[in-house]
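Enquirer: Supplied in structure tokens, the structure appears directly below.
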Amino acid sequence: AAVLAQVVLWTTVGLIYLMIEGHLSLTSLWFGHPVIVPITVVQFVAVSGLLVSATWVRNRTPAKWAIINENVKWFFSLLLLSFVLLSMITIATEQEFFTVLGLNEPLVPYIVHPGYPSLATELCFLLIAAWGMLPFNGLRRLVVAIISFSISLYAIVGHLFKMPTVFFYLPNISSGIALLTAILLSLSSLALIIMSVKWRYFHTPWRGEL
């Protein structure tokens, strides 16, 4: 899980660089497929913080540092949740906020509106944020992580077979999930699954985790 968290973290750092340089179009790993939009990059910053802080909570961690890590995890979970709510409100009200953050490429494929993320992407982020706020050793955490992993894996299959509806492109309703977004979401969700299984079945909790 720690390795997966680091992969997501450093990939996000690379995406931030591409966003600053205005080259997010390079994230379309296959020609003619959707690219990562800026708000998704920002959301992955929160996901990276959540994953890294969660992997630091271990049996050998002193209680005071475990509490700090738990608070940091909660911070990034709430931050991610706020980004998701911002995205959903903007999409629902058809505001132009994300157009300002858009890619300046009018013909980006499988994008309903410039800068708008996929609704399925936002659902996965919502599930990840919920994971960060659920009890450590609860079964619900594992279920939430599995659902998020299934959605992202489903989108990857859609890209492999070039089926837009399978990677959640719905004309006039939802942009498609970019392939790199789906890969990062699947890695993030897999890390959450590993941690959920570890904490539920192989981890002796400290008092603050109960």
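Enquirer: Could you look through segment 115-138, keep only residues that are surrounded by fewer than 21 Cβ atoms within 10 Å (Cβ to Cβ) and within 22 Å of Asn69 (Cβ to Cβ), and pick out the one that is modelled with the lowest pLDDT?
Expert: Ranking the candidates gives Phe136 first.
Enquirer: Let me ask something additional. Which one of Ser186, Ser196, Ser150 is open to solvent by 30 Å² or more (accessible area, probe 1.4 Å), assigned to a helix (DSSP H, G or I) and hydroxyl-bearing (Ser, Thr, Tyr)?
Expert: Every option except Ser150 fails the conditions.
Enquirer: I'd like the full set of residues that are under 15 Å from the mean Cα position of the chain (by Cα) and crowded, with 22+ Cβ neighbours inside 10 Å, limited to segment 153-165.
Expert: Ala155
Enquirer: Also: Output the qualifying pairs, or none if there are none: Cβ atoms under 7 angstrom, residues six or more apart or on different chains, first residue in segment 174-197 and without any contact (Cβ under 8 Å) to a residue 60 or more places away in the chain, second residue open to solvent by 30 Å² or more (accessible area, probe 1.4 Å) and of a type in the set (Phe, Trp, Tyr).
Expert: Once the first residue is without any contact (Cβ under 8 Å) to a residue 60 or more places away in the chain and sits in segment 174-197, its partners that are open to solvent by 30 Å² or more (accessible area, probe 1.4 Å) and of a type in the set (Phe, Trp, Tyr) give Ser186/Phe149; Ile193/Phe149.
Enquirer: Select from segment 67-103 the residues that are over 13 Å from Ile36 (Cα atoms) and in a loop (DSSP other than H, G, I, E, B) and write down the one among them that is modelled with the lowest pLDDT.
Expert: Glu96
Enquirer: Just name the residue that is most open to solvent (accessible area, probe 1.4 Å) out of those in segment 1-35 that are among the polar types (S, T, N, Q) and modelled with pLDDT under 80.
Expert: Ranking the candidates gives Ser25 first.
Enquirer: Consider segment 166-183. How many of its residues are open to solvent by 20 Å² or more (accessible area, probe 1.4 Å), among the polar types (S, T, N, Q) and either closer than 20 Å to Asn71 by Cα or modelled with pLDDT of 90 or more (or both)?
Expert: Going through segment 166-183 one residue at a time, the tally reaches 0.
The values are calculated or read from the model by the stated rules, or taken from the named source; none is laboratory data. Source: prediction; values computed, not measured. FYI the Cβ positions are ideal-geometry reconstructions off the backbone, even for glycines, and counts take in every protein chain you see. Note: areas computed on protein heavy atoms with side chains; ligands, DNA, RNA excluded. Shrake-Rupley method; radii C 1.70, N 1.55, O 1.52, S 1.80 Å.
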